[in-house]
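J.: A single structure is presented below for examination.
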Amino acid sequence: MKSDRAAIGGGTVLASLACQAEAVPEMRANAKALMASGPYRLLVRRVVLPWVLQGEQPAGEGLEIGAGSGAMTAQLLAMFPQLRMVATDYDSEMVERAGQAVAPYGDRARVERADAADLAFVDGRFDLVLSAAMLHHTLAWEKALAEAIRVLRPGGRLIGYDLLDSAVSRLMHFGGAHESGHAHESGHAHESGHVPENGHVHETRLIRPGQLEVELRRLRLTAVRTRRSLGGAVVRFSATKPA
């Protein structure tokens, strides 16, 4: 495990992560608006996406789970003309916004409403799966991770980042008060950890340090790389599905 605490513009990336931390199915209205804004898209293009890609040059067909406003998918399409993308999110409003974000790319882009823990895609369809600060919004994040691997073709790449259970990430989500895996407000979540669209639950399960690495090994992935940033609040990861 390496740490790149100083390798990225901590303040700007932290701002993006704070916004992503609100990206639950019933995301706060101000976070939704920010994720659809020009400054956020600029931050994604210039800072966040290059940091996540780690030099990757994706081609073929990719999938983003928990795509939110579609800013990451749109920038991938802009940067890599040979890439086609499917962006998914559980929140219907964000699906609509993502559709607007990727509309300029025509038939290279599709947007669908989907549960990351129960994807409707066939096995081995995608060359790339991107997960940007999404897993911790699913109580059964191990299931969402397994689904991402299932839909990857042999040799396909998983890339992304997520929050780890730390003082910084708990502050970003809950003002410091949090018990991992429990509802932040009263209500009932779906078994997969997603919140009903008319509900008021803020369900989350922050990933504890070391848990992601264990799960990636259990899934028998190769070329696994993880790196912690921002004082251990964030983990960046990449891996390959074996042939």
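The values are calculated or read from the model by the stated rules, or taken from the named source; none is laboratory data. On a predicted model such as this, the values are computed, not experimentally measured, just so you know. Cβ sites come from the backbone with ideal geometry, for glycine too, and all protein chains shown count toward neighbours.
J.: Given Arg170, Arg157, Arg150, which one is without any contact (Cβ under 8 Å) to a residue 60 or more places away in the chain and within 16 Å of Arg220 (Cβ to Cβ)? Before you say what the answer is, go through the steps one by one.
T.: Numbers: Arg170 fails: within 16 Å of Arg220 (Cβ to Cβ); Arg157 fails: without any contact (Cβ under 8 Å) to a residue 60 or more places away in the chain.
That would be Arg150, the only listed residue that is without any contact (Cβ under 8 Å) to a residue 60 or more places away in the chain and within 16 Å of Arg220 (Cβ to Cβ).
J.: Same structure, new question: Name, by its number, the condition in (1) modelled with pLDDT of 95 or more; (2) closer than 21 Å to Trp51 by Cα that does not hold for Leu219.
T.: Failing condition for Leu219: (2).
J.: With the condition being modelled with pLDDT of 95 or more and crowded, with 22+ Cβ neighbours inside 10 Å, I'd like the helices (runs of 4 or more DSSP H) fully within the range 9-89 carrying at least 1 qualifying residues. Break it down into steps so the answer makes sense when it comes.
T.: Details: elements: 10-20, 29-35, 38-43, 49-53, 71-79.
Per the criteria, 71-79.
J.: Any residue at all in the range 187-195 that's under 25 Å from Val95 (Cβ atoms), in contact with a helix residue (DSSP H, G or I) (Cβ under 9 Å, 6 or more places away or on another chain), modelled with pLDDT under 95 and surrounded by fewer than 17 Cβ atoms within 10 Å (Cβ to Cβ)?
T.: no
J.: Here's something else I'd like to know. In this structure, does Val224 turn out to be at pLDDT 95 or above and loosely packed, with under 14 Cβ neighbours inside 10 Å? Before you say what the answer is, go through the steps one by one.
T.: On the way: at pLDDT 95 or above: yes; loosely packed, with under 14 Cβ neighbours inside 10 Å: no.
Taking the combined requirement at face value, the residue does not satisfy it.
J.: Go through the range 98-119 and give me each residue that's assigned to a loop (DSSP other than H, G, I, E, B) and out of contact with any strand residue (DSSP E or B) (no Cβ under 8 Å at 6 or more places or on another chain). Talk me through it step by step, then tell me what you get.
T.: We begin by selecting, within the range 98-119, every residue assigned to a loop (DSSP other than H, G, I, E, B); these are 114-119.
Across the range 98-119, the qualifying residues are Asp115, Ala117, Asp118.
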